[in-house]
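Student: One structure, pasted below without further comment.
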Amino acid sequence: MLGIIISLPAEVPNIEKYFEKNQKISINGFSGYIFEIMQKNVVLLFCGVGKANAASATMSLINNFSVSSIINIGSAGSISKKLNPNVFFVPSSLNYIDVDASCFGYKVNQVPHEPESFELSNRIRQLFLEIIKEYQENFIDGSCGTSDSFVSKENLNKFNVDKCIAVDMESTAIAQVCNKMKIEFACVKFISDSIYANESSSKQWSNNVNQDNKLMSEIIFNVANKYVYLFDLEK
């Protein structure tokens, strides 16, 4: 079964209308839906903002449903001149940008006893790329970093972002739980803002997410259908 984690309903408005069969659910305080595709279930939870919410929702998904894969779609900010707003980015790896236990011999951004970074499922990344090719031609490869802060040009120097080209507030926490629980995971990020733009990152986020959130709903619908067709029907 495929599990989907999304931070905010505003990022995927009217997502339930894309699926003919849907049922509202509430699990451990997280709302969401069960969708039926080709007689197979897909479950979606809205996790809210931040790492703790994302990790809690991920465990709720794993503990209450027989998910074998989890995906995340949501917004992220660009901290690289190579990555412009209003494009989709499929990270090849994820890491934290607000962790420092280096005094104990760990790498900066490495949670003790956890990997320095988290690699993502190649087959799901390829599925994302195939779907998104319908919307854009070129893709930038790289890592996305996660913190509990909304990163902007004003506070960027507070974070260790050397290995990242984009930043968000949830995806690495989801990846850490999935890695621990042996669940394959990948994510796709809509670049909502850039530290190199003239407008503030928060204003860019508000304008761009509201403008393109219907597109994120379409991508979730297409990815879920293709995942079920390719990976669930064979079981």
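The values are calculated or read from the model by the stated rules, or taken from the named source; none is laboratory data. As the structure is a prediction and not an experimental result, all values here were calculated from the model. No Cβ is skipped: glycine too gets one built from the backbone with ideal geometry, and neighbour counts run over all protein chains shown. To get the accessible areas, we keep the full protein, side chains included, count just its heavy atoms, and leave off ligands, DNA and RNA. Shrake-Rupley method; radii C 1.70, N 1.55, O 1.52, S 1.80 Å.
Student: Which one is farthest from CYS178 (Cα to Cα), of the residues in the range 6-26 that are open to solvent by less than 50 Å² (accessible area, probe 1.4 Å) and without any contact (Cβ under 8 Å) to a residue 40 or more places away in the chain?
Tutor: From the range 6-26, those open to solvent by less than 50 Å² (accessible area, probe 1.4 Å) are 6-7, 11-13, 15-16, 19, 25; that's our starting set.
With the extra rule that they be without any contact (Cβ under 8 Å) to a residue 40 or more places away in the chain, the set shrinks to 16, 25.
Values: GLU16: 25, ILE25: 22 Å.
Applying the filter and picking the extreme gives GLU16.
Student: Being within 22 Å of ASN179 (Cβ to Cβ) and not aromatic (Phe, Trp, Tyr) narrows it down to one of LEU83, LEU94, LEU156, so name that one.
Tutor: On the way: LEU83 fails: within 22 Å of ASN179 (Cβ to Cβ); LEU156 fails: within 22 Å of ASN179 (Cβ to Cβ).
Sole residue among the options that is within 22 Å of ASN179 (Cβ to Cβ) and not aromatic (Phe, Trp, Tyr): LEU94.
Student: Report every pair of residues separated by at least 6 positions or lying on different chains whose Cβ atoms are under 7 Å apart, first residue within the range 85-113 and acidic (Asp, Glu), second open to solvent by less than 40 Å² (accessible area, probe 1.4 Å) and outside any helix (DSSP H, G or I).
Tutor: ASP98/SER147; ASP98/PHE159
Student: Hey, another quick one. Considering the range 169-180 alone, what residues qualify as being touching a Ser or Thr at 6+ places or on another chain (Cβ under 8 Å) and either open to solvent by less than 10 Å² (accessible area, probe 1.4 Å) or closer than 14 Å to ILE62 by Cα (or both)?
Tutor: So in the range 169-180, the residues touching a Ser or Thr at 6+ places or on another chain (Cβ under 8 Å) come out as 169-174, 177-178.
Matches in the range 169-180: SER171, THR172, ALA173, ILE174, VAL177, CYS178.
Student: Tell me whether the range 138-154 contains one or more residues that are surrounded by fewer than 21 Cβ atoms within 10 Å (Cβ to Cβ) and at pLDDT below 90.
Tutor: So far as the range 138-154 goes, yes, one or more of its residues are surrounded by fewer than 21 Cβ atoms within 10 Å (Cβ to Cβ) and at pLDDT below 90.
Student: Still on this structure, I have one more. What are the residue pairs meeting all of these: first residue in the range 27-51, first residue at pLDDT 95 or above, second residue open to solvent by 20 Å² or more (accessible area, probe 1.4 Å) and assigned to a loop (DSSP other than H, G, I, E, B), Cβ atoms under 6 Å, and 6 or more apart or on different chains?
Tutor: ASN41/MET1; VAL43/PHE65; VAL49/MET169; GLY50/ASP148; GLY50/MET169; LYS51/ASP148
Student: Can you name every residue in the range 40-51 that is within 17 Å of LYS24 (Cα to Cα) and either out of contact with any strand residue (DSSP E or B) (no Cβ under 8 Å at 6 or more places or on another chain) or among the aliphatic types (A, V, I, L, M) (or both)?
Tutor: Restricting attention to the range 40-51, the residues satisfying the condition of being within 17 Å of LYS24 (Cα to Cα) are 40-48.
Across the range 40-51, the qualifying residues are LYS40, VAL42, VAL43, LEU44, LEU45.
Student: Across the range 205-235, which residue is least open to solvent (accessible area, probe 1.4 Å) among those that are polar (S, T, N, Q), over 13 Å from VAL87 (Cα atoms) and at pLDDT below 90? Quick ask: steps written out before the conclusion?
Tutor: Filtering the range 205-235 down to residues polar (S, T, N, Q) leaves 206-208, 210-211, 213, 217, 222, 225.
Still in the running and over 13 Å from VAL87 (Cα atoms): 206-207, 210, 217, 222, 225.
Then drop every residue that is not at pLDDT below 90, which leaves 206-207, 210.
Numbers: SER206: 49, ASN207: 76, ASN210: 102 Å².
Among those that are polar (S, T, N, Q), over 13 Å from VAL87 (Cα atoms) and at pLDDT below 90, it is SER206.
Student: Taking GLY3 as meeting all but one of (1) open to solvent by less than 30 Å² (accessible area, probe 1.4 Å); (2) of a type in the set (Gly, Ala, Ser); (3) in a strand (DSSP E or B); (4) farther than 19 Å from LEU230 by Cα, write down the number of the exception.
Tutor: In the conditions (1) open to solvent by less than 30 Å² (accessible area, probe 1.4 Å); (2) of a type in the set (Gly, Ala, Ser); (3) in a strand (DSSP E or B); (4) farther than 19 Å from LEU230 by Cα, GLY3 misses (4) alone.
Student: Which residues, taken from the range 27-67, are of a type outside the set (A, V, I, L, M), assigned to a loop (DSSP other than H, G, I, E, B) and open to solvent by less than 30 Å² (accessible area, probe 1.4 Å)?
Tutor: Once the filter is applied, which keeps residues that are of a type outside the set (A, V, I, L, M), assigned to a loop (DSSP other than H, G, I, E, B) and open to solvent by less than 30 Å² (accessible area, probe 1.4 Å), the range 27-67 yields CYS47, GLY48, GLY50.
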